[in-house]
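Below: the structure, in structure tokens.
Just so it is clear, none of the values below were taken in a lab; they were calculated from the coordinates. It should be emphasised that the depicted structure is a prediction, and the values quoted were computed from it without experimental measurement. Cβ sites come from the backbone with ideal geometry, for glycine too, and all protein chains shown count toward neighbours.
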Amino acid sequence: MVLNVGILVSGRGSNMQAIIEANREGRLGVDKIVVLSDNPDAPALDKANALGVEAIYIPVKSNGAKLTPEEEDMFVKELKDRDVGLVCLAGFMRIISHGILREYEGRIINIHPSLLPSFRGLNVHERVLEYGCRYTGCTVHFVTADVDAGPIILQACVPVRQDDTPETLAERVLREEHRIYPMSVRLFSEGRLSIEGRRVIIEGWEDYE
Ligand code: GRF
């Protein structure tokens with residue numbers, strides 16, 4: 001199966017970079033990657049270009065949490081024009097609720113820096129420290145209309161240190177994000193993921209390398 005991937009970003013783009021680099025090393029089985037951003041100043045756009053990947057700013061006018069239906073349609077057009085079969089949200093700071101979700105339901109995934117279903121939303125590391133959690137981590141999940149609540153694909157666990165700050169914790173969690181996000185893309189491209197209710201079944205997972 002030929003799979004093209006669209007990565008939606010708003011900022012730094014380190015997860016985007018991890019996916020692009022893993023694919024360059026031949027680890028993902030993805031054909032083409034396109035990067036789309038709602039932010040013209042996203043450092044991710046330059047990073048993608050430097051890595052030889054097409055990167056496009058979609059000129060959106062709204063600045064709320066949600067894009068308008070017309071704005072989502074602009075994303076859908078670029079994705080469909082490039083035959084994208086999997087959409088990865090990677091630090092995309094908008095809630096998807098219209099055309100993108102309709103078009104890509106079951107084919108759109110996100111990374112969140114907590115062990116979902118705990119700590120949905122923003123300012124995760126601050127809240128993890130406030131609660132005195134001993135462990136935190138990150139989650140790759142399918143995107144549904146319910147924010148940060150879709151079926152879980154992969155998770156990684158990170159111990160919390162007593163002297164952690166939100167910044168030191170974010171840094172260690174990010175290292176795990178860069179490991180499990182490309183791995184999730186690979187599982188998708190290998191056709192191993194199926195959604196059953198709230199759960200994702202990974203074919204051959206117990207023997208997976
Ligand atoms: C990551 O922590 C990710 O979990 C969250 O937003 C951050 C994006 O970072 N959704 P980057 O742009 O991938 O560097």
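Overview of values
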{"quantity": "Neighbour net charge for A145 - beta-carbon separation under 12 angstrom, K R +1, D E -1", "calculated": "-1"}
{"quantity": "Qualifying aspartates and glutamates (Cα of each under 20 Å from Cα of K77; at least 8 residues distant if same chain)", "calculated": "D31, D38, E54, E103, E105"}
{"quantity": "Interchain or long-range residues, amide H under 5 Å from L3's placed H", "calculated": "D31"}
{"quantity": "Calculated FRET efficiency for the pair V2/S194, C-beta based, R₀ 22 Å, to 0.05", "calculated": "0.65"}
{"quantity": "Dipole of the chain, positive end: most advanced residue of N110, Y131, N63 [Cβ charges, Cα centre]", "calculated": "Y131"}
{"quantity": "For the range 44-55, Karplus couplings with θ = phi - 60° (6.51, -1.76, 1.60), whole Hz, Gly/Pro x", "calculated": "4, 5, 5, 4, 4, 4, 4, 8, x, 10, 4, 9"}
{"quantity": "For the chain, built as a Gaussian network whose Cα springs stay under 10 Å, the top-fluctuating residue of S62, S194, S114", "calculated": "S62"}
{"quantity": "222 nm mean residue ellipticity, helices alone, for the chain (DSSP H n ≥ 4; -39,500 (n - 2.57); rounded to 500)", "calculated": "-10000 deg cm²/dmol"}
{"quantity": "Computed FRET value (nearest 0.05) for D83 with K61, which takes r as the C-beta separation and R₀ as 25 Å", "calculated": "0.35"}
{"quantity": "Other-chain or far-sequence residues with amide H under 5 Å of T136's (modelled H)", "calculated": "V158, V160"}
